[in-house]
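Structure record follows, encoded as structure tokens.
The values are calculated or read from the model by the stated rules, or taken from the named source; none is laboratory data. Bear in mind that the values here come from a model prediction, so they are computed numbers and not experimental data. For neighbour counting, all protein chains shown are included, and Cβ atoms are generated from backbone atoms with ideal geometry for every residue, glycine included.
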């Protein structure tokens, strides 16, 4: 059976340079690639890649993605100290996982999620 290995969601942003600055300074990502012309870039942190594209129409709906981690408290503290736009602090969800949520400067939501452990 074929195995899927990674996902790289595309997020619409209003101002690519402003968003790249936010992802680097507030979320700890690094710019991995920027397409000549300045309207598309890829940011990465660990094994996570997010593609950002500048939406000049202003009609895109913000999107959301879950990113899984095993050290939610440390990541929450890091992003909070960097000044990330935390829209929800750590909560246990009805389905068992815990998560916290941040928004980027364009309103896209990243849900940092810690899976329910087998002992819970």
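Could you tell me which of the residues 41, 8, 33 is touching a strand residue (DSSP E or B) at 6+ places or on another chain (Cβ under 7 Å) and assigned to a loop (DSSP other than H, G, I, E, B)?
Unique residue meeting the criteria: 8.
Against the conditions (1) exposed (fewer than 13 other Cβ atoms within 10 Å of the Cβ); (2) at negative phi; (3) at pLDDT below 95, where does residue 96 fall short? Just the number, please.
(2)
I'd like to verify a number: residues in the stretch 71-109 that are within 14 Å of residue 24 (Cα to Cα), free of Cβ contacts under 8 Å to residues at least 24 places away in the same chain and part of a loop (DSSP other than H, G, I, E, B), how many?
Residues in the stretch 71-109 being within 14 Å of residue 24 (Cα to Cα), free of Cβ contacts under 8 Å to residues at least 24 places away in the same chain and part of a loop (DSSP other than H, G, I, E, B): 0 in total.
Run residue 44 past the list (1) over 19 Å from residue 98 (Cα atoms); (2) loosely packed, with under 15 Cβ neighbours inside 10 Å and report the number of the one that doesn't hold.
Every condition holds for residue 44 apart from (2).
Out of the stretch 47-64, which residues are touching a residue at least 24 places away in the same chain (Cβ under 8 Å), in a strand (DSSP E or B), surrounded by 15 or more Cβ atoms within 10 Å (Cβ to Cβ) and out of contact with any helix residue (DSSP H, G or I) (no Cβ under 7 Å at 6 or more places or on another chain)?
Of everything in the stretch 47-64, those that are touching a residue at least 24 places away in the same chain (Cβ under 8 Å), in a strand (DSSP E or B), surrounded by 15 or more Cβ atoms within 10 Å (Cβ to Cβ) and out of contact with any helix residue (DSSP H, G or I) (no Cβ under 7 Å at 6 or more places or on another chain) turn out to be 49, 50, 51, 53.
Just to verify a result, which residue in the stretch 19-41, among those that are in contact (Cβ under 8 Å) with a residue 12 or more places away in the chain and loosely packed, with under 14 Cβ neighbours inside 10 Å, is farthest from residue 75 (Cα to Cα)?
38
Testing residue 72 on (1) within 16 Å of residue 103 (Cβ to Cβ); (2) surrounded by 12 or more Cβ atoms within 10 Å (Cβ to Cβ), one condition comes back false. Which one is that?
All conditions pass for residue 72, except number (1).
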